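Structure first, commentary second.
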Amino acid sequence: MNLPVKSEGRNLLDTSGIIGWGVDADPRNDPTYPIRDRANDPGLTKNWVRPPVQQPAVEILQSIEHIRQPAVVGTSTPPSGLSGMMRRLAFRWSESNWIHWLLLLGADRVNVVEGVVDDLAHARIPNIPAEMGIRSELAFNKTGFAKKVAVAGLLSALVAGVLIARRAPAAERPSSGD
Amino acid sequence: MLAMDYRGPYRVRLTEKPMPELLHPRDAIVRVTRSCICGSDLHLYHGLVPDTRVGMTFGHEFCGIVEQLGPEVENLKVGDHVLVPFNIACGQCHFCQQGLYGNCHESNAQATAVGGIYGYSHTAGGYDGGQAEYVRVPYADFGPTLIPDWMDPDDAVLLTDVVPTGYQAAEMGGIQKGDTVVIFGAGPIGLMAARCAWLFGAGRVIMFDLLDYRLEFARTYCPAEVYNFKEVDDVVVFMKKTTDGLGADVAIDCVGGDAKGNFLHTLFGTKLKLEAGSAIPLHWAINSVKKGGIVSIVGVYGPTGNMVPVGNVVNKGLTIRANQASVKRLLPRLIEHVRLGNIDPKGMITHRVPLEDVADAYHIFAAKLDGCIKPVLVPNGA
Ligand SMILES: [Zn+2]
Ligand SMILES: [Zn+2]
């Protein structure tokens with residue numbers, strides 16, 4: 001691996017020759033102060049008391065921007081199945097790369113299908129209307145709900161109509177071939 | 001234990017899940033007494049945030065009673081009633097030492113741009129959240145804060161996110177006495193930002209939203225001058241006209257990726273998900289603030305690209321400040337503001353829903369039914 005190494009060199013440039021070097025360094029003149037407390041800034045790799053590091057029992061995907069595992073990690077819903085493969089792949093790119101996020105979003109969609117399959121595999125038929133909050137829709141949005149049902153009904157009637165209209169001549173063909 | 005269970009966009013349910021366990025010496029297990037659904041949970045609910053996995057439990061706004069403690073947590077005891085900031089922060093790292101608790105570097109393996117957040121997808125660390133009976137709380141010796149005896153738990157639960165985020169939105173705006181502040185979004189965060197703007201000395205607070213019932217609420221709760229952007233030809237022109245042609249001193253975006261109001265952004269951002277959500281309020285904020293003004297962003301956007309008018313940021317000499325609120329830094333002052341009655345967090349709670357009805361609570365909040373401003377979930381045993 002060709003990893004960059006942080007330079008520890010201090011005096012890259014002799015600043016003593018620069019007229020006025022450091023005269024504006026007073027934090028009181030710094031418009032970003034006190035957002036950054038430089039006096040109290042040990043740096044990530046310098047000496048500070050790091051928390052004990054958690055040893056996760058599940059697979060954790062880690063951003064390649066991290067130089068090491070954060071001390072504490074979340075263990076909810078480890079990657080699995082096809083979506084898990086896509087997620088693992090996504091973590092080959094950094095957070096600044098669009099492909100990283102698009103792969104993850106794609107994996108999320110695949111994961112939804114996996115969720116339904118998993119439910120069925122466990123003999124559970126997901127009650128999708130209930131999961132979408134149909135009770136509250138009926139209680140507080142009767143007209144909106146009726147409209148949606150009407151639109152859905154109209155659309156399916158249209159689709160059915162088109163299908164029937166298309167099939168009709170085809171159905172007649174065998175008889176015309178007699 | 002029972003927990004909210006994400007099944008895919010617009011689909012959640014309550015599921016029996018294993019009890020959370022102590023996984024780190026600084027962990028605690030907390031029995032939830034209150035949790036909220038947040039506007040930013042809706043970005044997850046709508047499938048806008050990458051790496052939101054099926055089976056995950058949401059909920060970054062919760063308070064509860066300490067049930068179990070890891071060996072290194074010495075400042076809490078079992079039975080303490082605590083409010084838990086939504087940021088998972090170690091309190092020691094490079095960023096925590098600067099008070100940037102929303103940017104802790106030791107709590108999120110999956111990304112470096114954001115710290116760990118309870119129940120907020122794997123992009124924010126992959127932690128299960130508090131819309132459940134029990135929750136694992138990492139760095140329990142740092143984040144959780146005792147709820148004072150005099151404080152209503154309904155106020156406490158809003159101190160985990162809504163109040164500090166609204167307050168920090170106003171704080172990052174650098175509001176000076178007499179400033180005109182324009183706030184986009186009259187959801188809970190916008191309401192709190194407006195209320196807090198007065199604490200910093202604002203002279204005028206203007207709010208835009210799409211929903212009349214939220215604007216009506218804002219008119220009395222904040223109180224603010226309110227406008228429905230649907231009834232204004234052009235938000236930016238309107239803002240210029242009402243401020244002597246200059247623009248607001250400070251503009252605050254409290255909406256984030258779920259914004260409505262522009263076909264292209266809706267298509268690219270929220271439908272195709274190629275943008276980090278619809279950046280309409282950010283456009284309005286940048287274009288309606290005066291030259292040299294400050295734009296403060298607390299609305300949540302996804303991590304992908306955005307069509308942001310950065311040229312105007314340069315030409316107008318704007319300062320943009322944005323962050324996840326560093327809750328722990330702000331809590332002492334905010335608890336004092338609640339005690340003195342300067343802010344009234346629980347005044348925005350419109351719905352109390354048993355945890356069992358989590359699917360309906362999400363739908364009511366997401367579809368903006370029944371005048372919903374802020375729903376609170378209460379587990380059966382709480
Ligand atoms: Zn929130
Ligand atoms: Zn930290």
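The values are calculated or read from the model by the stated rules, or taken from the named source; none is laboratory data. Source: prediction; values computed, not measured. As a convention, Cβ positions derive from the backbone with ideal geometry for all residues, glycine included, and neighbour counts pool all protein chains shown. Note: accessible area is taken over every heavy atom of the protein model, side chains too, but ligands, DNA and RNA are not part of it. Shrake-Rupley method; radii C 1.70, N 1.55, O 1.52, S 1.80 Å.
Given A:Leu13, B:Val114, A:Ala157, which one lies farthest toward the positive end of the charge dipole of the protein assembly as shown, if we put +1 on the Cβ of every Lys and Arg and -1 on the Cβ of every Asp and Glu?
Among A:Leu13, B:Val114, A:Ala157, the one farthest towards the positive end of the dipole of the protein assembly as shown is A:Ala157.
For chain B, with all protein chains present and a 1.4 Å probe, just round the carbon and sulfur fraction of the accessible area to a whole percent. Kindly include the intermediate steps, with their values, before the conclusion.
Working: 6670 of 12500 Å².
For chain B, the apolar C and S fraction of the accessible surface comes to 53 percent.
Net charge near A:Ser83, counting Lys/Arg +1 and Asp/Glu -1 over other residues with Cβ under 9 Å of its Cβ? Present the calculation step by step, with values, prior to reporting the outcome.
Values: positive: A:Arg87, A:Arg109, B:Arg53; negative: A:Asp108, A:Glu114.
Cβ neighbours under 9 Å give a net charge of +1.
Which net charge results for the neighbourhood of B:Gly174, defined as the other residues with beta-carbon distances under 10 angstrom from its beta-carbon, given Lys and Arg at +1 and Asp and Glu at -1? Could the numbers behind the result be given before it?
Working: positive: B:Arg321; negative: B:Glu171, B:Asp179, B:Asp249.
Net charge around B:Gly174: -2.
Longer than 23 Å from Cα to Cα, which of B:Lys241/B:Lys291; B:Lys346/B:Lys368; B:Lys177/B:Lys374 are they? Say none if no pair is. Show your work: numbers first, answer last.
Details: B:Lys241/B:Lys291 15 Å; B:Lys346/B:Lys368 19 Å; B:Lys177/B:Lys374 30 Å.
In this structure, B:Lys177/B:Lys374 lie more than 23 Å apart at Cα.
Return the residues of region B:33-72 for which accessible area with all protein chains present is lower than in the chain on its own by 40 Å² or more; set the probe to 1.4 Å and exclude ligands, DNA and RNA.
B:Pro50, B:Asp51, B:Arg53, B:Val54
Restricting to chain B, compute how many DSSP beta bridges are antiparallel as a %, nearest 5. Write out the running numbers ahead of the final one.
On the way: 28 of 56 bridges.
Once the DSSP bridges in chain B are tallied, antiparallel ones form about 50 percent.
Let me know the charge dipole size of the protein assembly as shown about its Cα centre in debye, to the nearest 20, where only the beta-carbon of Lys, Arg (+1) and Asp, Glu (-1) is charged. Can you show the working numbers first?
Values: 53 positive and 58 negative charges, 208 e Å.
That gives the protein assembly as shown a dipole magnitude of about 1000 debye.
For region B:65-139, what is the charge dipole size about the Cα centre, in debye to the nearest 20, if Lys and Arg each add +1 at the Cβ and Asp and Glu each add -1 at the Cβ? Write down the numbers at each step before the final one.
Working: 2 positive and 7 negative charges, 36 e Å.
With Lys and Arg at +1 and Asp and Glu at -1, about 180 debye.
Taking 2.2 N^0.38 Å as the expected size of a compact globular protein, what ratio does the Cα radius of gyration of chain B give against it, to two decimals?
Working: Rg = 19.7 Å, N = 382, 2.2 N^0.38 = 21.1 Å.
After normalising by residue count via 2.2 N^0.38 Å, the value is 0.94.
Determine the total buried accessible area between chain B and chain A, counting protein heavy atoms only with a 1.4 Å probe; round to the nearest 100 Å². Don't skip to the end; give the middle numbers.
On the way: alone 15030 and 15300 Å², together 25260 Å².
Its buried surface, counting both partners, is about 5100 Å².
Need one number: nm distance between label points at A:Ile125 and A:Arg109, each 7 Å from Cα along Cα→Cβ, rounded to one decimal.
2.8 nm
Using a cut-off of 15 Å between beta-carbons, work out the net charge of the residues near B:His81 (Lys and Arg +1, Asp and Glu -1, B:His81 not included).
Details: positive: B:Arg31, B:Arg34, B:Lys77; negative: B:Glu67, B:Asp80, B:Asp149, B:Asp152, B:Asp154, B:Asp155.
Net charge around B:His81: -3.
Given a 1.4 Å probe, how much area per residue of the protein assembly as shown is accessible, in Å²?
Values: 25260 Å² over 560 residues.
Ligands and nucleic acids excluded, the figure is 45 Å² per residue.
Is region B:334-382 best put as rounded, prolate or oblate by its Cα gyration tensor, with a ≥ b ≥ c the root eigenvalues, rounded for a/c under 1.5, and otherwise prolate when a/b is larger than b/c, oblate when not?
On the way: a/c = 3.94, a/b = 1.68, b/c = 2.34.
Oblate.
Let me have the 222 nm mean residue ellipticity of chain B computed from DSSP H runs of 4+ only, each contributing -39500 (n - 2.57), with the sum over all residues rounded to the nearest 500. Please report the intermediate quantities before stating the final value.
Working: 10 runs with 92 residues, N = 382.
For chain B, the value works out to -7000 deg cm²/dmol.
Quote the charge dipole size of region B:133-226 about the Cα centre in Debye, to the nearest 20; the model charges only the Cβ of Lys and Arg (+1) and of Asp and Glu (-1). If you can, show how the numbers build up before the last one.
Numbers: 6 positive and 13 negative charges, 80 e Å.
Magnitude of the dipole: close to 380 debye.
Each residue of region B:326-333 in order: what ³J(HN,Hα) in whole Hz does its phi give by Karplus 6.51 cos²θ - 1.76 cosθ + 1.60, θ = phi - 60°, with x for Gly and Pro?
In residue order, the calculated couplings are 8, 4, 4, 5, 8, 4, x, 5 Hz.
Let me know the shape class of region B:156-244, please: from the alpha-carbon gyration tensor, a ≥ b ≥ c as square roots of the eigenvalues, rounded when a/c is under 1.5, otherwise prolate if a/b is greater than b/c, or oblate.
Because a/c hits 1.5 or more and a/b fails to exceed b/c, region B:156-244 counts as oblate.
Dimensions of the protein assembly as shown along principal axes (Cα, Å, largest first)?
Largest first, the protein assembly as shown extends 105, 61, 57 Å along its Cα principal axes.
Say the dipole of region B:274-382 comes from +1 at the beta carbon of Lys and Arg and -1 at that of Asp and Glu; which of B:Gly311, B:Val353, B:Gly292 then lies farthest toward its positive end?
The listed residue farthest towards the positive side: B:Gly292.
What is the spread of the Cα atoms of region B:37-171 along each of their three principal axes, largest first, in whole Å?
Its Cα atoms span 39, 34, 32 Å along the three principal axes.
May I ask which residue of B:Phe62, B:His94, B:Val78 lies farthest towards the positive end of the charge dipole of region B:1-127, with charges of +1 (Lys, Arg) and -1 (Asp, Glu) on Cβ and the Cα centre as origin?
Value computed over the given set: B:Phe62.
So how far, in whole Å, is the C-alpha centre of region B:349-372 from the one of region A:79-140?
23 Å
For region A:42-132, which trypsin sites (Lys or Arg not before Pro) are in a loop by DSSP, counting at most 14 other Cβ atoms within 10 Å? Present the calculation step by step, with values, prior to reporting the outcome.
Working: sites: A:Lys46, A:Arg68, A:Arg87, A:Arg88, A:Arg92, A:Arg109, A:Arg124; in loops: A:Lys46, A:Arg68, A:Arg92, A:Arg124.
Listed in order of number, the matching sites are A:Lys46, A:Arg68, A:Arg92, A:Arg124.
Within chain B, what is the longest stretch that has no trypsin sites (Lys or Arg not before Pro) placed in a DSSP loop and near at most 13 other beta-carbon atoms within 10 Å? Before the final figure, lay out each step's value.
Details: sites that count: B:Lys77, B:Lys177.
With trypsin sites (Lys or Arg not before Pro) excluded where exposed in loops, chain B gives B:178-382 as its longest stretch.
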